[in-house]
Amino acid sequence: MGVVRDVWLVTKQLLEAVMAPWPPEEREARMAVVDELLRRREALLQKLRPPYSEEEQELGSEIIVWNQEIEARLRRVCEEIRRDLRMAGAKRQATVCYAHPYEQPLSFDGMFYDKRR
């Protein structure tokens, strides 16, 4: 039962780490903690060997439920990071356009267009 119990404990720690709020300034440190827990859990999962007792099967079913919650939360964090990256790119582009307004090609929307030009 030792390995299953260890996997259960690491999964519980992982669930607690993922369910806590992820402010942008702490995101990198949280990702490092989650990555380390995932590595530890992966190493333990490779050591699992059947047959399992009833108690181990109960722990396993709890691990599966927790894993679904962990995956859902990690997907949300990934989407938050993608959204922040898109916003940062848009801000950077707006800043460049504002600082150097005449370097961009002219836009012809709503303007008279002379085809001889």
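Among the residues of region 53-77, how many are open to solvent by less than 90 Å² (accessible area, probe 1.4 Å) and either outside any loop (DSSP other than H, G, I, E, B) or of a type in the set (F, W, Y) (or both)?
Residues meeting the conditions: 16.
Is it the case that some residue within region 25-46 is touching a residue at least 24 places away in the same chain (Cβ under 8 Å), open to solvent by less than 100 Å² (accessible area, probe 1.4 Å), within 14 Å of L9 (Cα to Cα) and of a type in the set (G, A, S)?
For region 25-46, residues touching a residue at least 24 places away in the same chain (Cβ under 8 Å), open to solvent by less than 100 Å² (accessible area, probe 1.4 Å), within 14 Å of L9 (Cα to Cα) and of a type in the set (G, A, S): absent.
Considering only region 81-104, state which residues are open to solvent by 90 Å² or more (accessible area, probe 1.4 Å) and aliphatic (A, V, I, L, M).
Within region 81-104, L85, M87 qualify.
All but one of (1) at pLDDT 95 or above; (2) more than 29 Å from D84 (Cβ to Cβ) hold for K12; which doesn't?
Just one mismatch for K12, condition (2).
Quick one: count up the residues across region 32-44 that are under 12 Å from the mean Cα position of the chain (by Cα) and within 20 Å of Q68 (Cβ to Cβ).
Final tally of qualifying residues: 2.
The values are calculated or read from the model by the stated rules, or taken from the named source; none is laboratory data. Since we're looking at a predicted model, the values are computed, not measured. Note that each Cβ is placed from the backbone with ideal geometry, even for glycine, and that neighbours are counted across all protein chains shown. The accessibility values were calculated without ligands, DNA or RNA, using every heavy atom of the protein model including side chains. Shrake-Rupley method; radii C 1.70, N 1.55, O 1.52, S 1.80 Å.
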